[in-house]
Amino acid sequence: MIRPVVLVLGPHRAALSGVSTHLNALFISPLVREFALVHFQVGSEGRSESGLARVLRLLVSPFALAVAIFAHGAAIVHLNTSLNLRAYWRDLAYLIVAKLCGTRVVYQVHGGLLPQHFFRGSRVLCAFLRATLRVADVIVVLAQSELAAYRAFVPAQPVVAVPNAIDCTRYTALGRPRSPGSAPRARLQLAYLGRLAREKGLYELLQAVRAARAQGVQTRLTIAGGGPEEGTLKRYALALDLAPDVEFVGPVFGEDKLKLLGAADVFVLPSYNEGLPYALLEGMAAGAAVVSTPVGAIPDVVADGVHGLLVPPQDAAAIARAITHLASNRDVLARMSAACRSRIAGAYSIERLTESLQRIYSELSQTKPMRTRLQT
């Protein structure tokens, strides 16, 4: 059987990013049985290059995409992007080239601003954004809030929500020794996994750990990942006298990541903005309750009081209250743990992602895509 070729655009697959995780999930999914997926690298993640080399790459890369389309006989270009200024303008060239080459385009948005807010204040630029979004054959978003926003912004365009997903097999095998009614541990185990950047709310998280300790709550926070704020965060933790309570372990993968999430009572993610973080899905699949902000697609996944506790962005006091509540209610924590595992296995499995994208790819690989069906 000849499989239709899909060029999947995104960062280096070994890069530390949610989109890279998404790409890797696609390439090991059952999608490869019906479609030949080919990776085409875009962006600076996973590259080591000078400023001049970066400029040259940006100029040449759209032409390289055209060569790749014809060389592989691609029927579909799956463009993974984000609605921020840097990604939008970079990926606009790829979108135009793909359409000029006669391919169908899946335009998947991994977070960023909503389209109504992107060029707010400029009617001309808003009209330009609307026109460029109409060039794609289908827009794929992660969250229900994004689905409503994009359908309102480009009402004639097919827009579908396809949340991220994970292979739950490795996480369901992790044991959870605690049981309802058991005596509280000496410390509540907290884990953060992701990029170390200011917008992730990590400064507020450190403040919350100190505030919880002042109320007699013993915690152990493990921060895994790397990023531009790593050095500053470490110094801030020392300034708050949190050395006994906070550990920075750097990026973790494979068994180390499983061990970290399996040992966590609570997965903390106090970000100012998000798409749908893979780390959140992985933490929940491992049975960690959640303390997070209700941003992006997170409210689609986490029901407040059921899977964890949702707190306002940039509110250290609210994070501290959530930590204190869970530390003193271990039976509630255990129920949340079970609910998290059930939630991810039921709605965010790799099988569900495969089914959704398989349908989109199949529609677009036909001679005349059935655009109205993609909207249902």
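Some observations on this one:
- Any hit, the stretch 225-243, residues being β-branched (Val, Ile, Thr) and touching a residue at least 12 places away in the same chain (Cβ under 8 Å): no
- Being more than 26 Å from Ser328 (Cα to Cα) and either modelled with pLDDT under 95 or outside the structural domain of Ala289 (by TED's automatic domain parsing) (or both) is a property that holds for Gly225.
- Taking the listed residues Ala15, Ala36, Ala75, the one that is among the hydrophobic types (A, V, I, L, M, F, W, C), at pLDDT below 90 and either surrounded by 15 or more Cβ atoms within 10 Å (Cβ to Cβ) or under 17 Å from Glu355 (Cα atoms) (or both) is Ala15, with no other qualifying.
- Leading residue by the ranking (surrounded by the most Cβ atoms within 10 Å (Cβ to Cβ)) among those in the stretch 250-271 that are in contact (Cβ under 8 Å) with a residue 60 or more places away in the chain and in a helix (DSSP H, G or I): Leu261
- The listed residue being among the charged types (D, E, K, R) and either touching a Pro at 6+ places or on another chain (Cβ under 6 Å) or modelled with pLDDT under 90 (or both), out of Arg104, Arg57, Arg90: Arg57
- Any hit, the stretch 307-317, residues being in a helix (DSSP H, G or I) and either small (Gly, Ala, Ser) or within 13 Å of Leu205 (Cα to Cα) (or both): yes
- Scanning the stretch 272-289 turns up at least one residue that is of a type in the set (Ser, Thr, Tyr), outside any helix (DSSP H, G or I), over 21 Å from Ser337 (Cα atoms) and touching an Asp or Glu at 6+ places or on another chain (Cβ under 8 Å).
- Ala297 surrounded by fewer than 23 Cβ atoms within 10 Å (Cβ to Cβ) and either small (Gly, Ala, Ser) or within 27 Å of Ala173 (Cβ to Cβ) (or both): no
- Test: residue in the stretch 122-140 that is assigned to a loop (DSSP other than H, G, I, E, B), at pLDDT 95 or above and among the aliphatic types (A, V, I, L, M): yes
The values are calculated or read from the model by the stated rules, or taken from the named source; none is laboratory data. None of the values given here were measured: they were computed from a predicted structure. Here the Cβ is made from the backbone with ideal geometry for all residues, glycine too, and neighbour counts use every protein chain on show.
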